[in-house]
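Reading through the structure tokens given below for one structure.
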Amino acid sequence: MPYFLCDQYQNDKFYYIMLVFGLKHSKNLFYRKEDGKSFFFEKTTEDIHFEPLAFNEDFLTCIVFNEDFPNYEKVLPPEEYKKLEERLEDDNPCLIKFYFK
């Protein structure tokens with residue numbers, strides 16, 4: 001099987017599907033309902049990998065992976081990024097919200 005549909009969500013603005021290729025290679029597909037535009041990517045332009053756990057009208061929620069911490073420096077305010085830097089590997093998972101534009 002070349003891929004499988006791992007997760008799917010939708011709200012008033014978007015359809016979302018996570019496609020998994022092989023064991024751990026995933027890609028994200030967003031379809032904007034308003035104009036029919038699709039966005040297909042593995043990571044964001046900031047090089048952030050995400051796997052949504054929850055999805056609502058305003059945002060999606062993801063776990064922040066430790067290896068992606070440095071990439072969040074570009075998008076988080078300094079005080080929020082400092083909280084990420086202070087986390088230890090055995091801490092509980094850290095969740096982050098990605099707001100829709």
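The values are calculated or read from the model by the stated rules, or taken from the named source; none is laboratory data. Here the structure is a predicted model, which is why all the values come from computation and not from measurement. Please note: Cβ atoms are built from the backbone with ideal geometry, for glycine as well, and neighbour counts cover all protein chains shown.
One table, with the values for the structure above:
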item: Residues of the stretch 28-56 satisfying the condition of being part of a loop (DSSP other than H, G, I, E, B) and among the aromatic types (Phe, Trp, Tyr); result: 50
item: Filtered residue count, the stretch 1-31, keeping only those that are more than 16 Å from the chain's Cα centre (by Cα) and surrounded by 12 or more Cβ atoms within 10 Å (Cβ to Cβ); result: 3
item: Count of the stretch 48-80 residues which are at pLDDT 90 or above and either acidic (Asp, Glu) or over 17 Å from the mean Cα position of the chain (by Cα) (or both); result: 7
item: Count of residues meeting criterion [within 18 Å of residue 46 (Cβ to Cβ), without any contact (Cβ under 8 Å) to a residue 12 or more places away in the chain, outside any helix (DSSP H, G or I) and out of contact with any helix residue (DSSP H, G or I) (no Cβ under 6 Å at 6 or more places or on another chain)] in the stretch 57-101; result: 3
